[in-house]
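The values are calculated or read from the model by the stated rules, or taken from the named source; none is laboratory data. Predicted, not measured: the structure shown is a model, and the values here were computed from it. Because the Cβ atoms are built from the backbone with ideal geometry, glycine has one as well, and the counts that use them run over all protein chains shown.
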């Protein structure tokens, strides 16, 4: 049983910024005693004149249930001699000016369904988890050396039933098999903290310890996560420790004054999102936020966090120049340290668009301590290049090669997230220039280039359907598209690409080191063709990757290769089965002893239009004709007539 009364030691840690399980002290909790079940409440309201509990059980008149102020720093506490499980409540706070305001509990475990804003007395410990095998496997694994394909999901609009949200239980029945079928290793969910406005997608939260009631109860969410783990799917949660919603019932001016937010307007106001910035200089706010991270790990078995808007934490948001917020960087190091101490296998992922150094460097070496960083520079450059007409791409050639100048400076995730397919930015498919066929071919090419490029992968839901429309944050995905041939073929292509990636150590095993990548030809801007090598731990096990970003095809394109012998094409984005023209390399490609691209050997191959080809060196072994017998799914070869320029 949790501590009944706040101890001096707990209070000391809380005000010191080191009470990392503050949710066990604060909020509402049921107590079992000889007299029966009682309910305790504890809240931090340092500027309040009085604090009372108002709820269904007292007709929302808190005068009969005041809290006692237990220290000068403003912690308030009471025990009500009733079992209030399931009851709605709020804190009735009398400000120092004498005004009475009603506030939701910052530490509540459950909340009323919007538009209601009350907290609910709720216990979390009754759920029986069945994911011990997953957690043991996670503890022993090194994510850096494993394949990672993250499916980013907004639960409310992935799929609907009769226009309504699917519940956590329904999502377990439908979303999990879908993720398994496609081969994704992780699901990343947009924030599930309680929030008042649907179209904020959870990024403007009010209940940081309260899983949103839109899709069911906290135990329903536990069931969903438990099922994910039993099906070997990791669960990543979007987390927003930088700013919060300013709705009247939430954290903003919690006791009539600035409690959770900065006191000065210039630092407090986040004008971009209309929110308030957390006061990361305040110890009690650090206890609150770090406890929240530990809470999701402890109570919900979350496998990691994608930390939103890290740049808004690193830098002061409203300063004229880029100026470090030392409280923000100290907080990031502190939370990453504590999460690592709790469980070093937990993923901490920074959504950071800045060039701040060592985001994924260890804290003891001066880094911020994240596991991974989103490669926003790669994403912006690649999408800008792809949106350029094919004939003009030679003028933007450097955008596709620049990322390799810094690809190994951090542990990167390559993201095509929700932010890139909303608010008029167009869907991935519709970003591609050209006619109908060219759009699909270029999307296949883009995805192949992404999966061959160093870095883990993240894609927002709907990309696998090749949606023409951007994300509509009130409607479900365009599932009807799977009735159409090209969309169905694209869906099959995504499955095959992920399958290839997951079985190919060359594409993920050492992607954080220079040894895993080598350019063959990075300078062919006239033809907009890029060729490179990907390696795993075994340097002799490698792939040759060739990507053509124009609509021209080549029958005898020559590239240098590092070893003598035969090369087999194991993947080609131009397969007819994928919607392509079937300009493939069906036969083994034999090397010629002719120096080219700085290599001793070279091969000649077919290059499809807007196509990506992946080749594997065939090793000869005694008693065998060869290995690398991955076969293309088509039996016909249609070679292009274009000549190598």
query = If we keep just the residues of the range 173-187 that are touching a residue at least 60 places away in the same chain (Cβ under 8 Å) and not in a helix (DSSP H, G or I), which is farthest from residue 142 (Cα to Cα)?
reply = 183
inquiry  = Go through (1) modelled with pLDDT under 95; (2) within 24 Å of residue 553 (Cα to Cα) for residue 526 and report which single condition fails.
reply    = (1)
ask   = residue 523 is checked against (1) within 22 Å of residue 406 (Cβ to Cβ); (2) surrounded by 15 or more Cβ atoms within 10 Å (Cβ to Cβ) and fails just one. What number does that condition carry?
value = (2)
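Anything in the range 198-220 that is in contact with a helix residue (DSSP H, G or I) (Cβ under 6 Å, 6 or more places away or on another chain) and within 21 Å of residue 460 (Cα to Cα)? List them, or say none.
Residues of the range 198-220 that are in contact with a helix residue (DSSP H, G or I) (Cβ under 6 Å, 6 or more places away or on another chain), as a first pass: 208-209, 211, 215-216, 220.
Selection gives 215 alone.
Residue-wise test of (1) at pLDDT below 95; (2) assigned to a helix (DSSP H, G or I); (3) touching a helix residue (DSSP H, G or I) at 6+ places or on another chain (Cβ under 9 Å).
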{"site": "556", "(1), (2), (3)": "yes, no, no"}
{"site": "559", "(1), (2), (3)": "no, no, no"}
{"site": "568", "(1), (2), (3)": "no, no, no"}
{"site": "577", "(1), (2), (3)": "no, yes, yes"}
{"site": "583", "(1), (2), (3)": "no, no, no"}
{"site": "594", "(1), (2), (3)": "yes, no, no"}
{"site": "604", "(1), (2), (3)": "no, no, no"}
remark   = Restricted to the range 18-36 and to residues being under 17 Å from residue 286 (Cβ atoms) and surrounded by fewer than 21 Cβ atoms within 10 Å (Cβ to Cβ), the residue nearest to the chain's Cα centre (by Cα) is 21
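Could you list all residues from the range 369-382 that are touching a residue at least 40 places away in the same chain (Cβ under 8 Å) and touching a strand residue (DSSP E or B) at 6+ places or on another chain (Cβ under 8 Å)? Full working, then the answer.
Here is the first cut: in the range 369-382, the ones touching a residue at least 40 places away in the same chain (Cβ under 8 Å) are 370-375, 378-379, 382.
Hits for the range 369-382 are 370, 371, 372, 373, 374, 375, 378, 379.
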query = Taking the condition at pLDDT below 95, buried (at least 22 other Cβ atoms within 10 Å of the Cβ) and either part of a loop (DSSP other than H, G, I, E, B) or on the phi > 0 side of the Ramachandran plot (or both), does residue 540 pass?
reply = no
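Results for (1) buried (at least 22 other Cβ atoms within 10 Å of the Cβ); (2) within 18 Å of the chain's Cα centre (by Cα), shown as yes or no for each residue.
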position	(1), (2)
233	no, yes
237	yes, yes
246	no, no
253	no, no
258	no, no
282	no, no
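Take the conditions under 30 Å from residue 450 (Cα atoms) and outside the structural domain of residue 18 (by TED's automatic domain parsing) and apply them to residue 366. Does it pass? Even if it seems obvious, please write down each step before you answer.
On the way: under 30 Å from residue 450 (Cα atoms): no; outside the structural domain of residue 18 (by TED's automatic domain parsing): yes.
In short, no.
Kindly establish whether residue 292 is crowded, with 20+ Cβ neighbours inside 10 Å and free of Cβ contacts under 8 Å to residues at least 60 places away in the same chain.
Values: crowded, with 20+ Cβ neighbours inside 10 Å: yes; free of Cβ contacts under 8 Å to residues at least 60 places away in the same chain: no.
Here the answer is no, as residue 292 does not meet what is asked.
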task = Kindly list the number of the only condition in (1) under 20 Å from residue 509 (Cβ atoms); (2) surrounded by fewer than 18 Cβ atoms within 10 Å (Cβ to Cβ); (3) in contact with a strand residue (DSSP E or B) (Cβ under 8 Å, 6 or more places away or on another chain) that fails for residue 411.
result = (2)
ask   = Residues 343, 352: which one is in contact with a helix residue (DSSP H, G or I) (Cβ under 9 Å, 6 or more places away or on another chain) and crowded, with 22+ Cβ neighbours inside 10 Å?
value = 352
ask   = Would you pick out the residues in the range 70-89 that are buried (at least 17 other Cβ atoms within 10 Å of the Cβ) and in contact with a helix residue (DSSP H, G or I) (Cβ under 7 Å, 6 or more places away or on another chain)?
value = 75, 84, 87, 88
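Within the range 97-111, does at least one residue satisfy the condition of being over 38 Å from the mean Cα position of the chain (by Cα) and under 25 Å from residue 299 (Cβ atoms)? Outline the logic, then answer.
Filtering the range 97-111 for residues over 38 Å from the mean Cα position of the chain (by Cα) gives 97-100.
Applying the additional criterion that residues be under 25 Å from residue 299 (Cβ atoms) yields none.
No - not one qualifying residue is present in the range 97-111.
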query = Can you spot a residue in the range 434-447 that is in contact with a helix residue (DSSP H, G or I) (Cβ under 8 Å, 6 or more places away or on another chain) and within 18 Å of residue 185 (Cα to Cα)?
reply = yes
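I'd like to verify a number: residues in the range 448-474 that are part of a helix (DSSP H, G or I) and touching a helix residue (DSSP H, G or I) at 6+ places or on another chain (Cβ under 7 Å), how many? Steps first, please.
Keep residues of the range 448-474 that are part of a helix (DSSP H, G or I), which gives 448-452, 463-465.
Okay, now just the ones that are also touching a helix residue (DSSP H, G or I) at 6+ places or on another chain (Cβ under 7 Å), so 448, 451-452, 463-465.
Counting residues in the range 448-474 that are part of a helix (DSSP H, G or I) and touching a helix residue (DSSP H, G or I) at 6+ places or on another chain (Cβ under 7 Å) gives 6.
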query = residue 114 is checked against (1) modelled with pLDDT of 95 or more; (2) under 21 Å from the mean Cα position of the chain (by Cα); (3) not in a strand (DSSP E or B) and fails just one. What number does that condition carry?
reply = (2)
query = Within the range 475-500, restricting attention to residues that are touching a helix residue (DSSP H, G or I) at 6+ places or on another chain (Cβ under 7 Å) and not in a helix (DSSP H, G or I), which residue is surrounded by the most Cβ atoms within 10 Å (Cβ to Cβ)?
reply = 477
